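Reading through the structure tokens given below for one structure.
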Amino acid sequence: MITTASVFAGDLVIMIKADSIREAENIANVELSKILAWAKDNKVRFNEQKSKAVLWQDESEKNKKKLKYILIINFYFKCTA
């Protein structure tokens, strides 16, 4: 499992690489809980209409008979303070 985050100009992107869809989903839920708590503490709001999530299989792992799943979540946010 690999999780990375990147922030740039009002965008937050989280990338999660996992061995199964369920694992990616579970990791995403844990990370989202942390992000939402941070956002509340720092008066940051996320625009749900502009935020997206994409899930796909990592084709580079296909030949090894062990597929990896990558979940990317892109948030648009703004400060409310």
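A few comments on the model shown:
- The set of residues from region 37-52 being surrounded by 13 or more Cβ atoms within 10 Å (Cβ to Cβ) and either of a type in the set (A, V, I, L, M) or in contact with a Gly (Cβ under 7 Å, 6 or more places away or on another chain) (or both) comprises A39, V44.
- Those residues of region 1-48 which are without any contact (Cβ under 8 Å) to a residue 24 or more places away in the chain, in a helix (DSSP H, G or I) and not polar (S, T, N, Q), in sequence order: R22, V30, K34, L36, A37, W38, K40, D41
- Tally of residues being more than 18 Å from V54 (Cα to Cα) and among the charged types (D, E, K, R) across region 15-39: 1
We did not get these values from a lab; they are worked out from the coordinates using the rules stated. Given the structure is predicted, the values throughout are model-derived calculations rather than measurements. Methodologically, a virtual Cβ is constructed for each residue, glycine included, from the backbone with ideal geometry; neighbour enumeration extends over all protein chains shown.
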